[in-house]
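The values are calculated or read from the model by the stated rules, or taken from the named source; none is laboratory data. Owing to the predicted nature of the structure, the values given are computational and were not obtained by experimental measurement. Here Cβ is always computed from backbone atoms with ideal geometry, including for glycine, and neighbour counts include all displayed protein chains. These area figures cover heavy atoms from the full protein model, side chains too; ligands, DNA and RNA do not enter into them. Shrake-Rupley method; radii C 1.70, N 1.55, O 1.52, S 1.80 Å.
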Amino acid sequence: MSLLRQSASPTSPAGRFKVNLISSEHIDNAAVFDPCGKEIGQIDHLMIDMASGRLLYAVVDFCGFVCLHPGHHPMPWNALKVDKGRRGYVTDASQELVESSPGYSDESWMDREWETRVHQHYHAEPYLREGGAKATTQ
């Protein structure tokens, strides 16, 4: 099955406008590759902003050298790029950079300073600057 699906827009004549869609079933467990093409992990799950519906993070299951540093590490979605040829995602991050990323817990998602550190770590534009979700209080 193809990683990406192309379909004609229902509001335009068939074949004139293509929309790239991907099913979440093709994102979960998709491989993540470093810049040299080495597989360094798999996407375990996604974090989606409930207010905007925007995909913000992929939580990636990385296994270090001989699994000495296994763990799940949130990676900003904009730090990943689809690679149709590999049927996965490529990041500019090395395995060492991933392994040294800021640790997290369930409470981290409510901490804007932690999110800033994660984006800085991966040299990714923070989604709040991209026009993404606004901070809300409950």
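Rounded to the nearest 0.05, what FRET efficiency do N20 and Q120 have when you use their Cβ-Cβ distance and R0 = 25 Å? The value I calculate is 0.30. Note on D49/D83: beta-carbon distance plugged into 1/(1 + (r/R0)^6) with R0 of 25 Å gives a FRET efficiency of 0.50.
Subtracting the Cα-Cα distance of D61 and E39 from 0.36 nm times their residue separation leaves 6.8 nm of extension gain.
Considering only protein heavy atoms and a probe of 1.4 Å, how much of the accessible area of the range 24-122 is carbon and sulfur, as a whole percent? Write out the running numbers ahead of the final one.
Details: 2900 of 5500 Å².
The nonpolar share, carbon plus sulfur, comes to 53 percent.
The magnitude of the dipole of the range 24-122, with charges of +1 and -1 set on the Cβ of Lys/Arg and Asp/Glu and taken from the Cα centre, is near 400 debye.
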